[in-house]
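For reference, the structure discussed in these notes is given below.
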Amino acid sequence: MVQSQKNLSKSAGAESALKVHKLTFWEAAMIIVGANIGSGILGLPFSARKAGWPILLICLMIAGFFTTASMLYVAETTLRTKKPMQLPGLASRYVGNLGSWLAFFSVAANTIGCLIAYTNGSGRILSEFLGVSTAFGSVLFTIPCVIVVWFGLKATGIAEKFISFGMIALLSIIILASFLSSKASLANAIYVHWQYAVPVFNVAIFCYIAQYAVPELARGLAHDPQKLAPSIVTGMTITFVLLALVPLAVLSLTGPDQVTQVATISWGKALGQWAFVVANLFALCAMMTSYWAVAESFLTSIVDKFNFQSETDFATRIGCMIGIVLPPFLLAYSGMVSFVDAIYLAGTFGGVIMSILPVMMLHSSRKHGDIEPAWSCGWIASTSIQAVMILLFCGAAVYAIVGLFGLLPAAW
């Protein structure tokens, strides 16, 4: 705590390297949707195929509630802090240097896991679409992703808003077509095998982890901070509905034995060529919007953590972009990490850190923050909720570690 008090005196009133770009309510909410609806939703049907959709639904409800609570803790912490900061900066100030490195590790692990999955998944889809190699398909996908991230938070917010609404429209069409298809049967999805519940919970955590985006939203809504919490809750509610409906539609249509790791490939093929195109356009949009949100947040986290002079400096920005884009691309084609494994591991270990740090940051910011916030968490920050959240997320991590050593049955 001594370290955090020192950081308080250094940071209060200091000029931030992170620039303020105004966001609207829906731009902020759709950054949350875009961040969440990416590789996770595409891997959920495959991840849940042994457990069954009812177990997935329960996991989504539990993980969604506690992740939203964690995000709101970060939101209140940012509202108590005058200087715009990313998670590593907030953790450094309110928890200390170890907290800062843990936050940075969590953001980095989540980002790398996400980008491996996006690179891998986009390559598979564009290979099916265009008949090119998966590696070249990944390059075609990465170029527009990098361009939007290069232009910063406002460009990301605008792109997220328009592409996310389009993505939801595409998804609505194919979900409706799935349930109306003569091939669909709810019996293909409505079954329960509880021994696979914990791994599904770990993947569900990954699908919601967007705490890293909250400081970005706080920066964009600094002109109207009372909209921060409602935008988070709105974005997370839309996320839950989509995460629940997609696996139900896919499993009902294809059955557990036919679903592919990137679900839209088998989903589209089951409905016909038009649906194959629509489903995979949705998948590309989902991965692209999530790529933008994740990479933008990681870039500003790097600037914040390493005290670079400005995020707009050309050399800083291009160096960060290379460091963000290249390693996941190389790992995606190393053969060491599969699409679903990347989701599972990033969600598990990122989730542990993001269940503990926001609790510590919130308590410290209530004692050492700069300003009274425009909004506070209220009952959702009760001791009992915080304790259950930490126990759940840490328990999921222990299960994952045991599973890595082959001591548990394969989840998928």
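The values are calculated or read from the model by the stated rules, or taken from the named source; none is laboratory data. Just so it is clear, the structure is predicted and the values come from calculations on it, not from any experiment. So basically every Cβ, Gly included, is an ideal-geometry build from the backbone, and we count neighbours across all protein chains shown. What goes into the accessible areas is simple: the full protein's heavy atoms, side chains included, and nothing from ligands, DNA or RNA. Shrake-Rupley method; radii C 1.70, N 1.55, O 1.52, S 1.80 Å.
Highest GNM mean-square fluctuation among Phe66, Phe165, Phe298, for the chain modelled with Cα contacts below 10 Å: Phe165. For Ile158 and Ala315, the FRET efficiency from 1/(1 + (r/R0)^6), where r spans their Cβ atoms and R0 equals 35 Å, is about 0.85. Averaging the sequence gap over all C-alpha pairs within less than 8 Å and six or more residues apart, then dividing by the number of residues, gives the range 184-282 a relative contact order of 30 percent. Principal-axis analysis of the Cα atoms of the chain puts helix 134-150 at an angle of about 30° to the longest axis.
Its Cα gyration tensor gives the range 93-176 an equivalent ellipsoid; the semi-axes, largest first and in whole Å, are 30, 19, 14. Across the chain, Cα pairs under 8 Å and at least six residues apart give a relative contact order of 37 percent. Count Lys and Arg as plus one, Asp and Glu as minus one, and take only other residues whose Cβ is under 12 Å from that of Met30; the net charge is then -1. Dipole check for the chain: with +1 at the C-beta of Lys and Arg, -1 at the C-beta of Asp and Glu, and the Cα centre as origin, the magnitude is about 340 Debye.
Work out the charge dipole of the chain with +1 on the Cβ of Lys and Arg and -1 on the Cβ of Asp and Glu about the Cα centre, then indicate which of Asn280, Gly52, Ser364 is farthest towards its positive end. Working it through, the farthest residue towards the positive pole turns out to be Ser364. Using a probe radius of 1.4 angstrom, the carbon and sulfur fraction of the accessible surface of the chain is 69%.
Between Gly121, Met321, Cys145, the Cα set farthest toward the positive side of the dipole of the chain (charges on each charged residue's Cβ, about the Cα centre) is that of Met321. Counting only protein heavy atoms and a 1.4 Å probe, the range 64-105 has 26 square angstrom of accessible area per residue. Separation of the range 219-295 from the range 352-366 is 28 Å, based on Cα centroids.
Summed over qualifying helices (DSSP H, 4 residues or more, each -39500 (n - 2.57)) and divided by its residue number, the chain shows a 222 nm mean residue ellipticity of -25000 deg cm²/dmol.
Using only Cα atoms, figure out Rg for the range 229-303 and give it as a multiple of 2.2 N^0.38 Å. Cα Rg divided by the expected 2.2 N^0.38 Å: 1.35. The range 189-212 to the range 368-385: how many Å between their Cα centroids? So the separation of the two Cα centres works out to 28 Å. Under 5 Å from the amide H of Ala189 lies no amide H of any residue 5 or more positions distant or on a separate chain, with H modelled from the backbone and absent for Pro and chain starts. Each 10 Å bin from zero up to the one holding the largest Cα-Cα distance in the range 184-324 carries the following percent of pairs: 9, 28, 29, 21, 11, 1.
With a ≥ b ≥ c the root eigenvalues of the C-alpha gyration tensor of the range 173-254, is it rounded (a/c under 1.5), prolate (a/b larger than b/c) or oblate? Taking the square roots of the gyration eigenvalues as a ≥ b ≥ c, the range 173-254 is oblate. For the range 136-177, a Kirkwood radius taken over Cα pairs fed into Stokes-Einstein (25 °C, viscosity 0.890 mPa s) yields D = 209 µm²/s.
For the range 122-225, the equivalent ellipsoid derived from the Cα gyration tensor has semi-axes of 31, 23, 17 Å, listed largest first. In the structure shown, the pairs Lys227/Lys305; Lys161/Lys183; Lys22/Lys83; Lys50/Lys183; Lys83/Lys161 are assessed against 22 Å; a Cα-Cα span above that value is assigned to Lys227/Lys305; Lys161/Lys183; Lys83/Lys161.
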